[in-house]
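Heads up, the thing below is written out as structure tokens.
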Amino acid sequence: MPTAMPTLRQSFWVWARIAALSFGGPAGQIAVMHSILVDEQRWIDEPRFLHALNFCMLLPGPEAQQLATYVGWLTGGVRGALIAGVLFILPGALSIMALSWIYVTLGDVPAIEGLFFGLKAAVLALVVQAVIRLAGRALPGPGLRGLALAAFLAL
């Protein structure tokens with residue numbers, strides 16, 4: 001059962017925490033939101049969260065961002081939606097801007113080249129881990145996993 005709606009101050013700090021923990025792509029972001037919003041804060045119940053997630057998956061665009069904005073709207077109206085939406089994208093945007101600036105200004109320095117090479121490997125590892133985790137949930141049997149592997153190899 002959902003608890004009372006949060007104040008804007010509570011909403012700000014919870015969405016800031018979600019933003020800080022939401023790395024690893026949409027699957028990771030949605031898992032963090034579910035854990036904090038449904039299990040911990042109880043601002044939204046499981047059926048409503050899943051209904052919202054299913055609806056956001058049908059819409060064009062980033063479903064995790066849409067889900068965050070929708071839950072923010074449910075719990076805090078327009079202000080809540082703005083808090084959730086902005087805080088959800090802010091850490092990623094700041095990270096990309098910082099990395100871009102470093103690459104443009106220091107991209108020829110060997111240590112920075114090594115850093116970016118390592119980042120490429122880390123991102124690849126995160127993507128592979130997310131695909132394996134998502135495939136485990138979406139493809140329950142060996143037959144479906146074999147079909148998915150064959151389709152991937154055919155690409």
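Key figures
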| item | result |
| --- | --- |
| Subset of the stretch 77-106 that is over 20 Å from the mean Cα position of the chain (by Cα) and surrounded by 12 or more Cβ atoms within 10 Å (Cβ to Cβ) - its residue that is nearest to Arg17 (Cα to Cα) | Arg79 |
| Positions within the stretch 108-134 being surrounded by 11 or more Cβ atoms within 10 Å (Cβ to Cβ) and either outside any helix (DSSP H, G or I) or touching a Pro at 6+ places or on another chain (Cβ under 8 Å) (or both), in sequence order | Val109 |
| Any hit, the stretch 55-66, residues being modelled with pLDDT of 85 or more, over 27 Å from Val123 (Cβ atoms) and over 13 Å from the mean Cα position of the chain (by Cα) | yes |
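The values are calculated or read from the model by the stated rules, or taken from the named source; none is laboratory data. All of these numbers come straight from a predicted model, not from anything done at the bench. When we count neighbours, we look across all protein chains shown, and the Cβ atoms used for this are built from the backbone with ideal geometry, even at glycine.
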